[in-house]
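Below: one structure, written as structure tokens.
Quick note: the coordinates plus some simple rules give every number you see, no bench work behind them. The model shown is predicted, which means the values in this text are computed figures rather than measured ones. Here the Cβ is made from the backbone with ideal geometry for all residues, glycine too, and neighbour counts use every protein chain on show.
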Amino acid sequence: MSSSYFENMPRIVGHRGACGHAPENTIASFKAAADLGCKSIEIDGMVTADNEAVVCHDTSVNRCTDGMGAVLLKTLSEIQALDAGSKFDPKFQGEKIPTLEETLRVVHDLGMSLNLEIKPASGWQVETTTRIIEVLKEHRPADMKLMFSSFNIEALEVAQKLAPEIERGYLCEVPPSDWERRLKAVGAASLHCHHSFATKEIIEAVQAAGFKFLVYTVNDPKDAKRLLDWNIDGIITDFPDRMFDLA
């Protein structure tokens with residue numbers, strides 16, 4: 001079986017699970033995505049004070065939990081004592097920030113592939129990427145399709161060195177003028193940008209050079225239809241259920 005994430009990548013990818021429907025980057029969100037019909041989701045990985053890989057977007061727990069402080073300054077037990085669901089909706093009270101190990105198992109069992117964004121705290125790129133790869137090498141199911149993405153070039157460089165077999169995507173808000181050089185420098189297979197900066201011309205240029213083009217975070221079906229009509233390879237969205245009929 002091919003390990004290529006892009007071989008059967010759906011054009012609609014759930015953002016942090018299906019975070020329009022459930023608290024982002026939680027098991028509840030991953031299950032919501034699968035229930036809606038997602039075949040792939042995007043999540044975020046970082047590490048704790050005791051070097052455990054967890055799934056969380058922000059460098060602090062302030063926005064999404066009932067706690068305060070930096071993820072990197074908390075142990076896993078401190079992280080998992082937090083409520084990561086109630087701020088989204090009281091019915092999700094008790095939802096936790098999951099470990100990457102747990103996430104790999106759940107996402108695989110749900111039959112989805114994974115776009116894992118490496119989200120290091122500034123200065124902690126090498127340590128974060130190294131630990132994430134260690135967890136993947138030990139716990140990733142053999143048939144699980146997975147790719148890395150990151151805004152951080154150093155994280156992508158480390159990933160290329162330690163796990164060259166896992167495809168990489170270069171994340172940016174605005175496609176840089178030297179996008180091809182940057183993609184080739186880290187052996188990236190794809191460029192991912194904010195949807196508002198994706199034009200028909202840049203999509204065609206990136207694809208003509210042999211790369212995939214993905215956009216985030218598209219929640220308006222009108223935007224999605226325009227991008228799909230331009231032959232975008234993938235749309236990352238909080239509301240995948242709004243987009244399936246368009247793809």
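Within the range 104-247, what is the number of lysine pairs with alpha carbons under 29 Å apart, leaving out pairs fewer than eight places apart on the same chain?
Going through the range 104-247 pair by pair, I get 24.
Return the long-range amide H neighbours of Cys38 (sequence gap of 5 or more, or a different chain), with a cut-off of under 5 Å between placed amide H atoms.
Amide H neighbours of Cys38: none.
Once you charge only the Cβ atoms, +1 for Lys and Arg and -1 for Asp and Glu, what is the size of the charge dipole of the range 53-174 about its Cα centre, to the nearest 20 debye?
40 debye
Once both labels are modelled 7 Å past Cα along the beta-carbon direction, what's the Ser77-Val174 spacing in nm?
A separation of 4.8 nm, rounded to one decimal place.
Using each residue's phi in the range 145-162, evaluate 6.51 cos²θ - 1.76 cosθ + 1.60 at θ = phi - 60° and report the 3J(HN,Hα) Karplus result to the nearest Hz, with x for Gly and Pro.
Per residue, the Karplus-derived 3J(HN,Hα) values read 7, 8, 9, 9, 9, 6, 6, 9, 4, 5, 4, 5, 5, 5, 4, 4, 6, 8 Hz.
What is the fewest-to-most order of Phe197, Phe148, Phe213 by other Cβ atoms lying within 10 Å of their Cβ?
Ascending number of Cβ neighbours within 10 Å: Phe197, Phe213, Phe148.
How much length, in nm to one decimal, is gained on full extension between Glu165 and Asp143, taken as 0.36 nm per residue of separation minus their Cα-Cα distance?
Stretched fully, the Glu165-Asp143 segment lengthens by 6.6 nm.
Just rank His192, His21, fewest to most, by other beta-carbon atoms within 10 angstrom.
Starting with the residue having the fewest Cβ neighbours, the order is His21, His192.
Could you go through the range 58-63 in sequence order and give the Karplus-derived ³J(HN,Hα) for each residue, using 6.51 cos²θ - 1.76 cosθ + 1.60 with θ = phi - 60°, rounded to whole Hz, and x for Gly and Pro?
Whole-Hz 3J(HN,Hα) from phi for the range 58-63: 7, 6, 10, 8, 4, 6.
Taking only Cα atoms and a 10 Å spring cutoff, compute GNM fluctuations for the chain and point out the largest among Gly14, Gly67, Gly234.
Highest fluctuation among the options: Gly67.
Amide H to amide H under 5 Å from Leu146: which residues, 5+ apart in sequence or cross-chain, H placed 1.01 Å off N in plane?
Distant-sequence amide H within range of Leu146: Tyr5, Leu114.
So for the range 167-247, averaging the separation of alpha carbon pairs under 8 Å that are six or more residues apart and normalising by length, what relative contact order in percent results?
Taking the mean separation of contacting Cα pairs over the length of the range 167-247, I get 25 percent.
In the range 118-179, with Lys and Arg counted as +1 and Asp and Glu as -1 at Cβ, which of these residues, Gly169, Met144, Ile132, has the Cα nearest the positive end of the dipole, that is, farthest along it?
The residue sitting most towards the positive pole is Met144.
State the extension gain, in nm to one decimal, for the chain segment bounded by Ala121 and Asp89, taking 0.36 nm per residue of separation less the distance between their alpha-carbons.
Full extension of this stretch gives 8.8 nm more.
Give the long-range amide H neighbours of Glu117: residues separated by 5 or more places, or on another chain, with amide H under 5 Å away, using H modelled in the peptide plane at 1.01 Å from N.
Close amide H contacts, sequence-distant or interchain: Ile43, Asp44, Gly45, Ser149.
Go through (i) 160; (ii) 115; (iii) 123 and flag the label whose value is the computed volume of the Cα convex hull per residue in Å³ for this structure.
Derived directly from the coordinates: (ii).
Show me the GluC sites (Glu not before Pro) within the range 1-92 that DSSP assigns to loop and that have at most 14 other Cβ atoms within 10 Å of their Cβ.
Answer by residue number: Glu7.
Magnitude of the Cβ-charge dipole of the chain, K/R +1 and D/E -1, about the Cα centre, nearest 20 debye?
Dipole of the chain, to the nearest 20 debye: 320 debye.
Counting other C-beta atoms within 10 Å, which of Glu102, Glu138 has the fewest, and how do the rest follow?
Glu138, Glu102
With an 8 Å Cα cut-off and a minimum separation of 6 or more residues, compute the relative contact order for the chain in percent.
Result for the chain is 20 percent.
Please give the net charge around Phe197, taking every other residue with its beta carbon less than 14 angstrom from that of Phe197, where Lys and Arg add +1 and Asp and Glu add -1.
-1
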